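The values are calculated or read from the model by the stated rules, or taken from the named source; none is laboratory data. A quick note: this is a predicted structure, and the numbers were derived from the prediction, not measured. Neighbour counts run over all protein chains shown; Cβ positions are idealised from the backbone, glycine included.
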Amino acid sequence: MRIEATPHALHLFFCTNTRGNGEKSCGDTPDTAILADQLKQRFKQAKLPVRITRTACLGPCAQGPNIMCYPQQVWYQDVKVEDMAAIETSVNDILASLPKGLSANMDPKPG
Ligand code: FES
């Protein structure tokens, strides 16, 4: 085993979970899946050190659809496709708030 620093300044987890039993879940709408695809492309074009991952349930289903920003402890809740610009602005603000040089040492390949 090796222990190393993550190469990403921040990691966005897009809940796309579906239950199929009538309980609310983020995957009830396609919004988080669409946002994951579109933001991945935008961050890739901008060469930002941001990792994007689709995930199963993050916990607060009733407030969803949810996106979690780690390790900055930011939740985007009740997101819709039309929130893309606001999320992008928020991510850029988070990156700008990081200590100088922190993200410069990280792999710029978004995933
Ligand atoms: S289904 Fe998305 S947080 Fe639970």
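Is one or more of the residues making up region 43-52 of a type in the set (A, V, I, L, M, F, W, C), over 17 Å from Val81 (Cα atoms), in contact with a His (Cβ under 9 Å, 6 or more places away or on another chain) and surrounded by 15 or more Cβ atoms within 10 Å (Cβ to Cβ)? Yes: one or more hits.
Name every residue in region 82-101 that is assigned to a helix (DSSP H, G or I) and surrounded by 14 or more Cβ atoms within 10 Å (Cβ to Cβ), in order of residue number. If the condition is that a residue be assigned to a helix (DSSP H, G or I) and surrounded by 14 or more Cβ atoms within 10 Å (Cβ to Cβ), then Asp83, Met84, Ile87, Glu88, Ser90, Val91, Asn92, Ile94, Leu95 are the ones that fit.
Scanning region 41-51 for residues that are touching a residue at least 12 places away in the same chain (Cβ under 8 Å) and over 9 Å from the mean Cα position of the chain (by Cα) turns up Arg42, Phe43, Lys44, Lys47, Leu48, Pro49. Within region 17-28, being in contact (Cβ under 8 Å) with a residue 40 or more places away in the chain and closer than 20 Å to Thr53 by Cα holds for Asn17, Cys26. Only one of the numbered conditions (1) over 11 Å from the mean Cα position of the chain (by Cα); (2) modelled with pLDDT under 95; (3) farther than 17 Å from Ala85 by Cα is not met by Ala56, and that is (2). The set of residues from region 13-56 being assigned to a strand (DSSP E or B), more than 16 Å from the ligand (Cβ to nearest atom) and among the basic types (Lys, Arg) comprises just one member, Arg51.
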